[in-house]
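> Pasting a structure below so you can have a look.
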Amino acid sequence: MISIHVPAMTGRRCVRAISARVHDVPGVQTLEVDLATKTIHVTGPADPTAVAAAIEAAGYAVQESTGTTSPAATTPAGGTMDNFSTAVVGLPGVTRPPVVELTDGESFHLQQGPVAKQLRGTTVRMLGYNGSVPGPTIKVRQGSEVVIHVTNETDIDTTVHWHGLRVENKYDGVPHETQEPIPVAGSFTYRLQFPDPGLYWYHPHIREDYAQEMGLYGNILVEPLDPDYWPPAHRDVVLPLDDILIEDGAIAPFSRTETTFSAMGRFGNVLLVAGEPDLALTASAGEVVRLWLTNTANTRVFNVTLPGARMKLIGGDSGRVEREEFVSEVLIAPSERAIVDVLLDRPGELTLEHRTPDHIYQLASISVTNERAAPPLRDSFELLRHAPEFEDERQQLDGWLAAAPDKILAAVAEMEDPFEDQAAGPVAYACPMHPDVVRDQPGHCPKCGMKLMSAHPGELVGGHDMGHAMFSAEHVPSHAQADGHGDGHGDGGGDGIEWEDDMVEMNRRSTTTNMRWRLVDRTAGSGDRPPVDWRFTVGERVKIRLVNEMESDHPMHHPIHLHGAGRFLVLGRDGVPERNLVWKDTVLMRTGQTVDILFDVSNPGLWMAHCHIAEHMHSGMMFSFTVKPLS
């Protein structure tokens, strides 16, 4: 990669002039610009001298120029030639995300760019929308239409995907399918409609593993036309849930050329709630607070609870639930949403928590004052309402559940052994997730189904410990305490969820070249091929069976997301009818689980479906399908 520092490069006009010249240089493959550090990165077998000369021919002096094939060479922007920048010098400080209310027909500008953020005493480089992490919460009315102008001032091409919204297909934000990527210093205009009330969000759809993890996400709150759609609450609190991996005082590096952590996804060791590692909230006694929860993490599943307060689940991905219910915890997979009312009935200190079988994590502190909230809402909080729009759906549920699926989609992993080439002499095979499982022949773990990986017998302590040289201990976020439950492994005692990264070094070494995640069409007669020709028509209802196959090199959970071609209901899991219906765009498949969904097709175009563990999507767990208009 060639990296060149151009001090006079100050904005989009400069980038366009330089880009026009540089792309004429033989051997140039890609050009990326970091305006914050005024650095140009060029890939391909081009001559660095020729690239520098092209920049000077565009009228810009070159201060530093380096060209090398070594991934460890330092760039002027910080980091390495092969990694995105971690430099923070000269970056604007991050701001708090505002709530922006847009009326029908109104326009709004979103600018993506680098920011500096303090995380527990460490200043790190992140990416933000309009300078904030998370981005602005956009508040609109159901049935309205707004225009969003997006400008890209980051160091990579981008798009914006409006997650969960049934928008016009050309504004869905899928690169090379619904739009061309927005280049560095480029812009694009989206026109969005909001047919459904509820909580939605926006994020990039290019190198999502990097850009979203670095802070590019924000929420959209769609207010219903029906004033009685939601039960009464005193106020709304929007809380995106995320985690981030901090190593050596910076966000752990991201390669420019490949996606790492492809096996399990990148788990963070610092939890962020609304962008903050130590969020503190204040409420009045008797207050009913509505929590709008979104899981924006790359791979972590959150299990949210609030000891000392009562929680009432009222909504999910796309609107209200069939019947409100009191709950002790809410499980949210990556990209899923949950809407929860909490009654804070007495003064005191509370902690919003994420609980796994092995750990308890603090998400936020809530200080409840002696001041009484007005008007009193306890009586309305005690009511558990039913949504009438689900009455017909519930009556038809058993019939749909008994019917044969129209399509069957399976999740499968193909994993190469990253240590196989290092093996010399006798080799043993062990499970990275369960190091007590050791064999003298290749195979799969009888406990979790994962492919056994090679190791020298000398690396196995007593024949049962893979050793830190190969499979490091799990990344456990700070502010965690042991819960004393579970089996100590990320599969959470067999609940089908990998709560932590139990094989950090192996996961870090896994890339899109040695870890391939696949979605396979198992519909009768399809064999072992991807779903290459799925076609539906507006107005159809399609039963899709999602199968998380155990006959796989790495069985684990997958949140499957369908873009805005429609929305779906979960019919049942492993043949058990769904207890509480809600319209969804994402569903969690636990390890080995079968989930039946009813896809209500309503929007024509070419649409994407994929696993919303970002690293799995980039490793091949995605496909596109076509919806024809009703003619």
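> Can we say E551 is farther than 30 Å from T178 by Cα, of a type in the set (D, E, K, R) and at pLDDT below 95?
Spelling it out, E551 is indeed farther than 30 Å from T178 by Cα, of a type in the set (D, E, K, R) and at pLDDT below 95.
> Another one. Picking from P357, P376, which residue would you name as being assigned to a loop (DSSP other than H, G, I, E, B), outside the structural domain of M556 (by the TED database), surrounded by 18 or more Cβ atoms within 10 Å (Cβ to Cβ) and out of contact with any strand residue (DSSP E or B) (no Cβ under 8 Å at 6 or more places or on another chain)?
Being assigned to a loop (DSSP other than H, G, I, E, B), outside the structural domain of M556 (by the TED database), surrounded by 18 or more Cβ atoms within 10 Å (Cβ to Cβ) and out of contact with any strand residue (DSSP E or B) (no Cβ under 8 Å at 6 or more places or on another chain) holds for just one of P357, P376, which is P357.
> Scan region 332-343 and give yes if some residue there is closer than 25 Å to S284 by Cβ, open to solvent by 10 Å² or more (accessible area, probe 1.4 Å) and outside the structural domain of G198 (by the TED database), otherwise no.
Scanning region 332-343 turns up no residue that is closer than 25 Å to S284 by Cβ, open to solvent by 10 Å² or more (accessible area, probe 1.4 Å) and outside the structural domain of G198 (by the TED database).
> Could you list, in sequence order, the residues of region 96-141 that are of a type in the set (V, I, T) and over 22 Å from V184 (Cβ atoms)?
Answer for region 96-141, where residues must be of a type in the set (V, I, T) and over 22 Å from V184 (Cβ atoms): V99, V100, T103, T122, T123, T137, I138, V140.
> For region 27-35, check the following and say yes or no: at least one residue is closer than 18 Å to F254 by Cβ, open to solvent by less than 20 Å² (accessible area, probe 1.4 Å), in a loop (DSSP other than H, G, I, E, B) and at pLDDT below 75.
no
> Taking strands (runs of 3 or more DSSP E) that do not extend beyond region 556-597, which have at least 1 residues that are touching a residue at least 60 places away in the same chain (Cβ under 8 Å) and more than 21 Å from the chain's Cα centre (by Cα)?
566-573
> Could I ask something else about it? Report the residue count in region 101-123 for those that are surrounded by fewer than 22 Cβ atoms within 10 Å (Cβ to Cβ), assigned to a strand (DSSP E or B) and of a type in the set (V, I, T).
2
> Filter region 534-548 down to the residues that are in a strand (DSSP E or B) and of a type in the set (V, I, T), then identify the one that is surrounded by the fewest Cβ atoms within 10 Å (Cβ to Cβ).
The residue in question is T537.
> Would you mention how many residues in region 521-538 are of a type in the set (G, A, S) and either within 12 Å of F599 (Cβ to Cβ) or under 29 Å from the mean Cα position of the chain (by Cα) (or both)?
0
> In addition: Would you point out which residue out of R518, R590 is touching a Gly at 6+ places or on another chain (Cβ under 9 Å), among the basic types (K, R) and closer than 20 Å to L331 by Cα?
After ruling out the rest, the residue left standing is R590.
> Suppose we filter region 170-189 for residues that are outside any loop (DSSP other than H, G, I, E, B) and open to solvent by less than 20 Å² (accessible area, probe 1.4 Å); how many remain?
2
> Checking S624 against (1) part of a loop (DSSP other than H, G, I, E, B); (2) at pLDDT 95 or above; (3) not β-branched (V, I, T), which test does it fail?
(1)
> Checking N603 against (1) open to solvent by less than 20 Å² (accessible area, probe 1.4 Å); (2) assigned to a loop (DSSP other than H, G, I, E, B), which single condition isn't satisfied?
(1)
> All but one of (1) within 30 Å of G249 (Cα to Cα); (2) touching a strand residue (DSSP E or B) at 6+ places or on another chain (Cβ under 6 Å); (3) buried (at least 17 other Cβ atoms within 10 Å of the Cβ) hold for V167; state the number of the condition that does not hold.
Checking V167 against (1) within 30 Å of G249 (Cα to Cα); (2) touching a strand residue (DSSP E or B) at 6+ places or on another chain (Cβ under 6 Å); (3) buried (at least 17 other Cβ atoms within 10 Å of the Cβ), the one that fails is (1).
> Would you check which residues across region 302-336 are over 26 Å from S367 (Cα atoms) and within 22 Å of the chain's Cα centre (by Cα) and list them?
Within region 302-336, G316, D317, S318, G319, A333, P334, S335, E336 qualify.
> Now for a different question. Hey, S132 hits all of (1) open to solvent by 10 Å² or more (accessible area, probe 1.4 Å); (2) farther than 23 Å from V627 by Cα but one; which does it fall short on?
(1)
> Quick check on this structure: which one of T305, T257, T282 is hydroxyl-bearing (S, T, Y), open to solvent by 10 Å² or more (accessible area, probe 1.4 Å) and modelled with pLDDT under 95?
Going through T305, T257, T282 in turn, the sole match is T257.
> Please go through region 361-397 and give me each residue that is over 24 Å from L569 (Cβ atoms) and charged (D, E, K, R), ordered by number.
Correct list: E371, R372, R378, D379, E382.
> Separate question: Among V576, V570, V520, which is closer than 30 Å to E325 by Cα and crowded, with 17+ Cβ neighbours inside 10 Å?
On inspection, the qualifying residue turns out to be V570.
The values are calculated or read from the model by the stated rules, or taken from the named source; none is laboratory data. In this text the structure is predicted, and so the values were computed from the model without any measurement. Methodologically, a virtual Cβ is constructed for each residue, glycine included, from the backbone with ideal geometry; neighbour enumeration extends over all protein chains shown. Remember, those area values only see protein heavy atoms, side chains included, never the ligands or the DNA or RNA. Shrake-Rupley method; radii C 1.70, N 1.55, O 1.52, S 1.80 Å.
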